[in-house]
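Okay, so here's the structure we're looking at.
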Amino acid sequence: MSCELCQSAGGTLLWQDSRCRVVRVDEPGYPGFCRVIWNTHVKEMSDLSAADRAHCMAVVLGVEQALRQLLQPDKINLASLGNMVAHLHWHVIPRFADDPHFPQPIWGARQREGQGARRADPGALLAAIAAELENLNKNR
């Protein structure tokens, strides 16, 4: 079996622990677009134990909180599709009213040209996510 997320990081690695990793996705027009990827190959959330599901969602919400504080988006989209890559992962996508697809999903019909005015400094993004997830580990 060939799985893209088993064979590569799936983006620029920002943080990881023994169960999952957070990567930045280089998608023009979408500053701060991250994925939370489960390290072992499982297809669905229900394949995880209750403790692992709780951990995964705590990481997803930690990334969301860091992105909200850093970028102050109009909305955060959370998505776990896996139709193309059947390896458990969550998309955490800051959305802005001037992004190319808003208010449609980023996989929907393009609404405007341009990439929006906001950019995510990769160093600040890394620091914000690491700090938020460090707090997560301390509160366990």
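The values are calculated or read from the model by the stated rules, or taken from the named source; none is laboratory data. Please read all numbers here as calculations on a predicted model, not as lab measurements. Methodologically, a virtual Cβ is constructed for each residue, glycine included, from the backbone with ideal geometry; neighbour enumeration extends over all protein chains shown.
Things worth noting here:
- In this structure, A120 does satisfy being crowded, with 18+ Cβ neighbours inside 10 Å, within 15 Å of G29 (Cα to Cα), touching a helix residue (DSSP H, G or I) at 6+ places or on another chain (Cβ under 9 Å) and modelled with pLDDT under 90.
- Residue that is surrounded by the fewest Cβ atoms within 10 Å (Cβ to Cβ), among those in segment 67-100 that are in contact with an Asp or Glu (Cβ under 6 Å, 6 or more places away or on another chain) and at pLDDT 95 or above: I76
- If you go through segment 33-49 and keep only what is crowded, with 21+ Cβ neighbours inside 10 Å and either touching a helix residue (DSSP H, G or I) at 6+ places or on another chain (Cβ under 7 Å) or modelled with pLDDT under 95 (or both), you end up with F33, C34, V36, I37, W38.
- If the condition is being over 19 Å from P94 (Cα atoms) and basic (K, R), then segment 42-68 contributes K43, R53.
So that you can scan it fast, the table gives a plain yes or no per residue for (1) part of a helix (DSSP H, G or I); (2) surrounded by fewer than 21 Cβ atoms within 10 Å (Cβ to Cβ); (3) within 10 Å of the chain's Cα centre (by Cα); (4) not β-branched (V, I, T):
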{"residue": "L5", "(1), (2), (3), (4)": "yes, no, no, yes"}
{"residue": "P31", "(1), (2), (3), (4)": "no, no, no, yes"}
{"residue": "A51", "(1), (2), (3), (4)": "yes, yes, no, yes"}
{"residue": "Q65", "(1), (2), (3), (4)": "yes, yes, no, yes"}
